[in-house]
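The values are calculated or read from the model by the stated rules, or taken from the named source; none is laboratory data. The structure displayed is predicted, hence computed values, not measured ones. Because the Cβ atoms are built from the backbone with ideal geometry, glycine has one as well, and the counts that use them run over all protein chains shown.
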Amino acid sequence: MNNLACVLVIGLSFCAAWAPAAPSITLSDLLKQMVDLDALSVKPLPGERCEQASSYDRASRIVDGKKADWFANGDAGHYIRIEERDGRREMVMADVRGPGAMVRIWSANPKGILRVYLDGAEKPVIESEFAKLFDGSLGYPFIPPFAGVRSSGANLYFPIPFAQRLLVTVEGGEGMYYHVNYRLYPPQTQVERFSWQAVERTRPVGEQVAKRLAKPYETWRAPSGSQTHSIRWSIPPNGSRALNLRGPARIVAIEMKPGAKDLQKALRTAVLEITWDNAASPSVWSPLGDFFGTGPGLNPFQALPCGVLENGTMYSHWVMPFARQAVLRVRNEGDEALNLSGKVVVQPIRWSSSLLYFHAQWHTKYPISTRPMRDWTMVKAQGTGRFVGVALSVANPVKAWWGEGDEKFYVDDEQFPSTFGTGSEDYFGYAWCNPARFTHAYHNQPRADGPANYGHVSNNRFHLIDNIPFQKGFRGDIEIWHWAEARVSYSAIGYWYGDRLSGVEDPPTVKQRLPVTLPDWPAFREPDAIEGEKVAILRRTGGNVTTQDMEGFGEAWSGASQLWWTGAQPGDVLELGFDVENAGTYELIVAMTKAVDYGQFRLSVNDTPVGDVIDLFNNGVIHTGKISLGRVTLKQGQNVLRVEVVGTNPASTGDRYMFGLDFIKIAPVP
């Protein structure tokens, strides 16, 4: 193995496993690659690929060279085929010829029994309730941060290598959303097939990797021989400061803590540029704040390659090699002074033709009309290289969900994308348009203003073990697919490594870079109602509970949102707490949602059944209006509304057992 890229991380020597000659891959190699930022700068071998199998709507296709039903949105429950095995009906999620490795599984509603078969074996190497792979109950290796549910999105990143074939199936996966991401290696690559013996043998390495992923900033260490250049810059309006670096070397860290009267404005009016080896234009060009993975403003999160600390320090650990010279410059194009303190850490290296240059380029578009639907390019690269991530910022002027749009990634000469997703939030690792913030080494939602999906939103996803190699070029699009007709703003910074030095064409002006000012968006409120999304979640035996924005479905929903229970099964129970000021007898009124994938439910209050079984099926999303459940006796303080899944309408589709509560009302009775 050619040790072109090695870095000391928590006492382990992590080296690039994709070497120029006859590579071999073991589980230990793959675990190390999960935190190996060095290896991203090594040129991919011909035959290296990274693709995705997903439940995207198969109506989207190419017919006679033209795109047909390109924005179809029925992205659940689509499989490659259905197989009969030992009397079981197994739905095939992925069937891939190797050598390779499965590197990520995601689902919005994991259900049924997942099975993973390797290299033609009749017996699965993994057989488990799908949902349990994410909740930590199975123990190592299905533990955080390898596995977990963040803002309703279930992600598993533990690698599963295979020598000849990967087959992933699910039994009982009707209506499921899923992604399966996998790497493919050149045919001559020797791959150590996943086994539980290998899992135990490599456990010390895996546990160290887990610690690194759990605390990306705290566990980073500068490589041996590094030199630190301090930054103490005060940059006046229309001024700039630069750091000139001599090669061969590589930047391994950038830290900057900004100071300005209006930080959000200053971080967009200031620009970071990095130019490699006397190129005509900078390969890194971005508003200063957005370069570090979030914008607008300082929004704390910690990812492996970059982030923002709680104290306002912005950091980058992207590895950036150069042969002769690098110029790092910050231009202040704003109307007030910008102060920066921090450091740039550089390590001398031996330059090699196998190394790639780092690129990070930002662009923006406003206004974008949400009708007609369209694809918007987040990142585009030419030559040979690796796509390694993107950060997307959206300014949404309404509370309706903006991100039904799928990601579509084209590698080299592809006409149909080898990565075709199921929704914007799904690509970024969450689900169900959940506005809750979250942070992880690989994907984050550092900003989501609200209420619901209104306001400025910032998402990012970084590809390490699942970086996407390309030999001729790469284009990453995302659909503009919004539930409402509106004028939105999209901004994106794409990160990639490439053998060509390229700069931003027609960079946005200061005016174009400034964050969009959004109007207030008042919503209807039912008087004296207890909003469903505000009640206490006391207990649930299955599924996920979140807040769903309902703006795109009309004006009937109080507060334009509801409590949303998804992924439940018959027999599951959800208990909700609501407060009453005075004990007494009241009329209980509820308002809910009906839709094609909703179930049938029995309600009770304080262990006393109320009303009849309620069927929430309807062929289309509608509001139930106010439903009286009759008289109930309520106590002072907290009372309990119990919701039990009893079944579903035969005509229902998709998830089939969803439940939505808009509000509860109580009215005193004589």
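So here's what we get for this one:
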| quantity | calculated |
| --- | --- |
| Any hit, the stretch 289-310, residues being touching a Leu at 6+ places or on another chain (Cβ under 7 Å) and among the hydroxyl-bearing types (Ser, Thr, Tyr) | no |
| Single residue of the stretch 640-670 satisfying the filter (among the small types (Gly, Ala, Ser) and either at pLDDT 95 or above or over 36 Å from the mean Cα position of the chain (by Cα) (or both)) that is nearest to GLN548 (Cα to Cα) | GLY660 |
| Total residues in the stretch 91-128, condition in a loop (DSSP other than H, G, I, E, B) and not small (Gly, Ala, Ser) | 9 |
| Filtered residues of the stretch 570-597 (kept if touching a Phe, Trp or Tyr at 6+ places or on another chain (Cβ under 6 Å) and under 26 Å from ALA154 (Cβ atoms)) | LEU574 |
| Residues that are assigned to a loop (DSSP other than H, G, I, E, B) and not hydrophobic (A, V, I, L, M, F, W, C), drawn from the stretch 306-323 | GLU310, ASN311, GLY312, THR313, HIS317 |
| Pick from the stretch 40-54, criterion over 22 Å from the mean Cα position of the chain (by Cα) and outside any strand (DSSP E or B), ranking: surrounded by the fewest Cβ atoms within 10 Å (Cβ to Cβ) | PRO46 |
| Given (1) at pLDDT below 95; (2) touching a helix residue (DSSP H, G or I) at 6+ places or on another chain (Cβ under 7 Å), index of the condition TRP557 fails | (2) |
| Test for ARG324: is it more than 19 Å from ALA214 (Cα to Cα), in contact with a Gly (Cβ under 6 Å, 6 or more places away or on another chain) and charged (D, E, K, R) | yes |
| Per-region count, the stretch 640-665, residues among the β-branched types (Val, Ile, Thr) and crowded, with 19+ Cβ neighbours inside 10 Å | 4 |
| Counted residues, the stretch 329-344 - those being crowded, with 18+ Cβ neighbours inside 10 Å and over 24 Å from LYS511 (Cβ atoms) | 2 |
| Residue list for the stretch 450-481, filter: more than 16 Å from TYR427 (Cα to Cα) and buried (at least 24 other Cβ atoms within 10 Å of the Cβ) | ALA452, ASN453, TYR454, PHE470, PHE474 |
| Single residue of ALA94, ALA147, ALA101, ALA108 found to be under 23 Å from VAL209 (Cα atoms) and touching a residue at least 60 places away in the same chain (Cβ under 8 Å) | ALA101 |
| Condition check for THR439: under 24 Å from ALA381 (Cα atoms), in contact (Cβ under 8 Å) with a residue 24 or more places away in the chain and polar (S, T, N, Q) | no |
| Selection from the stretch 389-414 of residues that are farther than 30 Å from ALA556 by Cα and surrounded by fewer than 22 Cβ atoms within 10 Å (Cβ to Cβ) | TYR410, VAL411, ASP412, ASP413, GLU414 |
| Filter result for the condition that a residue is closer than 24 Å to GLU485 by Cα and either crowded, with 24+ Cβ neighbours inside 10 Å or in contact with a Ser or Thr (Cβ under 7 Å, 6 or more places away or on another chain) (or both), over ARG447, ARG386 | ARG447 |
| Residues of the stretch 537-559 satisfying the condition of being hydrophobic (A, V, I, L, M, F, W, C), under 19 Å from THR593 (Cα atoms) and either over 27 Å from the mean Cα position of the chain (by Cα) or part of a loop (DSSP other than H, G, I, E, B) (or both) | MET550, ALA556, TRP557 |
| Residues (under 20 Å from ARG150 (Cβ atoms) and not basic (Lys, Arg)) located in the stretch 103-126 | VAL103, ILE105, TRP106, SER107, ALA108, ASN109, PRO110, LEU114 |
| Any chance GLY429 is buried (at least 24 other Cβ atoms within 10 Å of the Cβ), out of contact with any Phe, Trp or Tyr (no Cβ under 6 Å at 6 or more places or on another chain), under 14 Å from ALA391 (Cβ atoms) and not polar (S, T, N, Q) | yes |
| From GLY584, GLY630, GLY611, GLY637, residue being under 40 Å from the mean Cα position of the chain (by Cα) and either crowded, with 17+ Cβ neighbours inside 10 Å or small (Gly, Ala, Ser) (or both) | GLY637 |
| Looking only at the stretch 353-362, and only at residues there that are of a type outside the set (A, V, I, L, M) and not in a loop (DSSP other than H, G, I, E, B), the one that is surrounded by the most Cβ atoms within 10 Å (Cβ to Cβ) | HIS359 |
| Selection within the stretch 133-185 - part of a strand (DSSP E or B), among the small types (Gly, Ala, Ser) and within 21 Å of GLY74 (Cα to Cα) | GLY153, ALA154 |
| Selection within the stretch 330-352 - part of a strand (DSSP E or B) and among the basic types (Lys, Arg) | ARG331, LYS343 |
| Count of the stretch 257-314 residues which are surrounded by fewer than 21 Cβ atoms within 10 Å (Cβ to Cβ), hydroxyl-bearing (Ser, Thr, Tyr) and under 19 Å from THR364 (Cβ atoms) | 1 |
| Residue tally, condition of a type in the set (Lys, Arg) and either in a loop (DSSP other than H, G, I, E, B) or without any contact (Cβ under 8 Å) to a residue 24 or more places away in the chain (or both), over the stretch 617-648 | 1 |
